[in-house]
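Below you'll find the structure, written out as structure tokens, and then a few comments.
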Amino acid sequence: MSDLPSLISLREVGPRDGLQNEDPVPTEAKVELIDALSQTGVRRIEAVSFVHPKAIPQMADADEVWKRIHRNDDVRYSALVPNLRGARRALDAGFTEIEVVVSASDTHNRKNVNRSTEESLDDIAGLIASARDADATVQVIVSTAWGCPYEGDVPVERVVAVASRAVRDGADGMSFGDTTGMATPSRVQRLVGEFRSAHPDLPLNLHFHNTRGTGLANVLTALQLGVADFDASVGGLGGCPYAPGATGNVATEELVHMVEDMGVATGVNLEAMIDAAATAERIVGRTLPSQVLRAGPRTRTIPG
Ligand code: ZN
């Protein structure tokens, strides 16, 4: 395991990707969760999204949440947006890191934001320019990068073409999202390989869902390819809108638990993250899928 990165950067997406796919929770519960996460050592938190409240009522209080959290100076907070209008709200609220999402699958993009992938990419070009003017950075997240619930497999060439258009338009970083957990290690290897040969120096984040149990295997594969930036969700918070009862993102504490034991530093205090996962579980009022939350770290002993 000598070739793994010695340090990786994690972005906690539970408050956004997680809670967006749960039944709505009160504003103060979101604030409590983000405040708990801000004390775990994690350096980046995707705190809110600025989307139309009719589309995603779970995020209607984004401005309020952002105002009320206790920001830790050691944490970078970001907002997810679907378009230029959302980005303007995020910039007005003071965010300097924005993630904008576009689907590689045209059908998924139309269902999500009512426009084609190409139209979204045109909008994103303007969004990047606006963010520049405001001294903010933009990471473009290409979702359904390993498959679409409507179209099935999405060709790697298509995903790389969508990403490349955003790179040409000035994206500061790229993320590939496995929106419905269709990635497997061989598919991760192929997409990361193709993207890296086109854009060797662009910062790359990967966002895996554990919908089909391949989440950590995909993370490990990506680590072996030198990827050092991942999204994860505390407790495995969230779900899949197309598959009721399915699990959500890779659980942050499971990822931390695995990679730290392999000599890969995350900056995250595992016990603090497990405590935050317990908080998340209480907030949503259902058992979360994280197995490290259930069993504790591998070194936990019971009185003999
Ligand atoms: Zn996601």
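Bear in mind these aren't lab numbers, they're just calculated from the coordinates by the rules spelled out. None of these values were measured; they are calculated from a predicted model. With ideal geometry, Cβ positions are generated from the backbone for all residues, glycine too; neighbour counts draw on all protein chains shown.
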Cβ-derived FRET efficiency at R0 25 Å, Arg212 paired with Thr107, nearest 0.05: 0.75
Can you find, among Val101, Ala90, Thr137, the residue sitting farthest towards the positive end of the charge dipole of the chain, where Lys and Arg contribute +1 and Asp and Glu -1 at Cβ? Val101
Determine the calculated [θ] at 222 nm for the chain from helices alone, applying -39500 (n - 2.57) to every DSSP H run no shorter than 4 residues and normalising by the residue count; nearest 500 deg cm²/dmol. -11500 deg cm²/dmol
The range 10-295, relative contact order [Cα under 8 Å, separation at least 6], %: 19
Near Thr137, within a Cβ-to-Cβ distance under 14 Å, what is the net charge of the other residues, with Lys and Arg +1 and Asp and Glu -1? -4
Treating the Cα atoms of the range 52-168 as identical point scatterers in vacuum, please give the log10 of the normalised Debye intensity I(q)/I(0) at q = 0.18, 0.23 Å⁻¹, two decimals. -0.95, -1.30
Between Ala265 and Arg294, what's the calculated FRET efficiency when r is the beta-carbon distance and R0 is 30 Å? Round to 0.05. 0.75
What area, in nm² and to one decimal, does the C-alpha convex hull of the range 139-197 cast on average over all directions? 3.8
Relative contact order (%) - the range 37-94, alpha-carbon pairs under 8 angstrom, separation at least six: 44
Considering only C-alpha atoms, what is the centroid distance from the range 28-98 to the range 182-233, in Å? 25
What is the spin-label model distance, in nm, from Ser186 to Ala125 if the labels are put 7 Å beyond Cα along the C-beta direction? 3.8
Taking every DSSP beta bridge with both residues inside the chain, roughly what % is antiparallel (nearest 5)? 5
Which of Val31, Gly177, Asn72 sits farthest toward the positive end of the charge dipole of the chain, with +1 on the Cβ of Lys and Arg and -1 on the Cβ of Asp and Glu? Gly177
Likely footprinting exposure, Thr279, Thr27, Thr287, fewest C-beta neighbours within 10 Å first: Thr287, Thr27, Thr279
Considering the options Ser49, Ser6, Thr247, tell which one lies farthest towards the positive end of the dipole of the chain, charges being +1 on Lys and Arg and -1 on Asp and Glu at the Cβ, about the Cα centre. Thr247
Candidates per chymotrypsin sites (Phe, Trp or Tyr not before Pro) in the range 193-256, loop by DSSP, up to 16 other Cβ within 10 Å: Tyr242
Where trypsin sites (Lys or Arg not before Pro) in DSSP loops with at most 14 other Cβ within 10 Å are excluded, longest remaining stretch of the chain: 72-285
Find out how many positive minus negative residues lie around Leu10, taking Lys and Arg as positive, Asp and Glu as negative, among other residues whose Cβ is under 13 Å from that of Leu10. -3
Please give the per residue volume of the convex hull enclosing the alpha carbon atoms of the chain, rounded to a whole number of Å³. 126
Quick check: net charge around Thr252, other residues with Cβ under 10 Å of its Cβ, Lys/Arg +1 and Asp/Glu -1? -3
Rounded to one decimal in Å, the inverse mean reciprocal Cα-Cα distance for the range 102-153, i.e. its Kirkwood radius, is 11.7
When the Kirkwood radius is taken over all Cα pairs of the range 170-304, what Stokes-Einstein diffusion coefficient follows at 25 °C and 0.890 mPa s, in µm²/s? 157
